[in-house]
Amino acid sequence: KVFKRECIDQKLTDDLFTYMFIFTILGARLGQVLFYEPHFYFTHPLEILKIWHGGLASHGAAVGIFLGLYIFARRHKKPYIWVLDRIAIVVPLAGFFIRMGNLMNSEIFGYPTQLPWGFIFVRAMEPNLRFGPHQPTQIYEGHAYLLIFIFIFRYYKKHRTHLKPGTLFGFFSLMIFSARFLIEFLKEPQEIWEKHLLLDMGQMLSIPLILLGIGLLIWSSKQVPVNYDKSLSKK
């Protein structure tokens, strides 16, 4: 719908999806390998290819998306920041569905709790985590992403006739990774070695992306607004 409103060739959506799909999977897998379990994967290199065994890191996916969208922008001669702004509208919605998948798979959940909405994750991989209620951090994080999607989408609809480049992606990077940083305080560590850290790996990797969002919003505030709604000029 965004491409249609801006009179962009609809065939580009298929190409964009292909780039997003491939580079998201590659980045997420390599993120798991390099950020969380490098010793295991470097001693068992064939396991890197076995994605069906699990292990995809969202911060690695972010790096993969940056690279894939850069190649997409160069190939189709589109401004890189324009592509980032458009993808920032829909990625939070994808994040919501991913966290709901984590909920169904009984993975990436929080510390034990006595709150009335605590979940007992009977399908947890580690036996000692199957007993007693835990914080359903997948729901917290997923719904944070859903609210961010609604905010960015509504902001785009309201300001698309005078939108400053970089604003949407700035909001996305700042809000998504701030939510991730805060909710991580409630999560069980994904790896044993993280238990003794002041900040876990997810939080440390979120900090540069939060700073990127702040920097982009500052940069965007100095840019000239652009009217992206080409559908108005056609009427």
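The values are calculated or read from the model by the stated rules, or taken from the named source; none is laboratory data. It should be emphasised that the depicted structure is a prediction, and the values quoted were computed from it without experimental measurement. Every residue, glycine among them, receives a Cβ derived from its backbone with ideal geometry; neighbour counts consider all protein chains shown. Ligands, DNA and RNA are stripped out before the accessible areas are found, and what is left, the full protein with its side chains, is counted by its heavy atoms. Shrake-Rupley method; radii C 1.70, N 1.55, O 1.52, S 1.80 Å.
The figures follow:
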read-out: Pair list, Cβ under 6 Å, 6 or more apart: the range 149-163 residue farther than 12 Å from Met175 by Cα, other residue charged (D, E, K, R); value: Arg160/Asp229; Thr161/Asp229
read-out: Among the candidates Ile98, Ile81, Ile48, residue that is open to solvent by less than 80 Å² (accessible area, probe 1.4 Å), under 28 Å from Leu147 (Cα atoms) and of a type in the set (A, V, I, L, M); value: Ile81
read-out: Residues satisfying the stated conditions in the range 51-71, i.e. open to solvent by less than 20 Å² (accessible area, probe 1.4 Å), modelled with pLDDT of 90 or more and aliphatic (A, V, I, L, M); value: Leu69
read-out: Subset of the range 1-11 [in contact (Cβ under 8 Å) with a residue 12 or more places away in the chain and surrounded by fewer than 14 Cβ atoms within 10 Å (Cβ to Cβ)]; value: Lys4, Cys7
read-out: Every residue from the range 84-96 that is touching a residue at least 24 places away in the same chain (Cβ under 8 Å) and not charged (D, E, K, R); value: Leu84, Ile87, Ala88, Ile89, Val90, Val91, Pro92, Leu93, Gly95, Phe96
read-out: Exclusive hit being open to solvent by 30 Å² or more (accessible area, probe 1.4 Å) and charged (D, E, K, R), set Arg74, Arg86; value: Arg74
read-out: Pairs, first under 14 Å from Asp14 (Cα atoms) in the range 66-79, second open to solvent by less than 60 Å² (accessible area, probe 1.4 Å) and acidic (Asp, Glu), C-beta under 7 Å, six or more apart; value: Phe72/Asp15
read-out: Residue within the range 177-193 that is part of a helix (DSSP H, G or I), open to solvent by less than 60 Å² (accessible area, probe 1.4 Å), closer than 17 Å to Ala88 by Cα and touching a residue at least 60 places away in the same chain (Cβ under 8 Å) present; value: yes
read-out: Among residues of the range 13-45, those that are over 25 Å from Arg75 (Cα atoms), open to solvent by 40 Å² or more (accessible area, probe 1.4 Å) and polar (S, T, N, Q), counted; value: 1
read-out: Qualifying residue in the range 145-163 (condition: in contact with an Asp or Glu (Cβ under 8 Å, 6 or more places away or on another chain), closer than 24 Å to Tyr70 by Cβ, surrounded by fewer than 20 Cβ atoms within 10 Å (Cβ to Cβ) and not hydroxyl-bearing (Ser, Thr, Tyr)); value: yes
read-out: Any hit, the range 202-210, residues being crowded, with 16+ Cβ neighbours inside 10 Å, free of Cβ contacts under 8 Å to residues at least 12 places away in the same chain and of a type outside the set (Asp, Glu); value: yes
read-out: Residue list for the range 119-151, restricted to those being in a loop (DSSP other than H, G, I, E, B), over 25 Å from the mean Cα position of the chain (by Cα) and not basic (Lys, Arg); value: Ile120, Val122, Glu126, Phe131, Gly132, Pro133
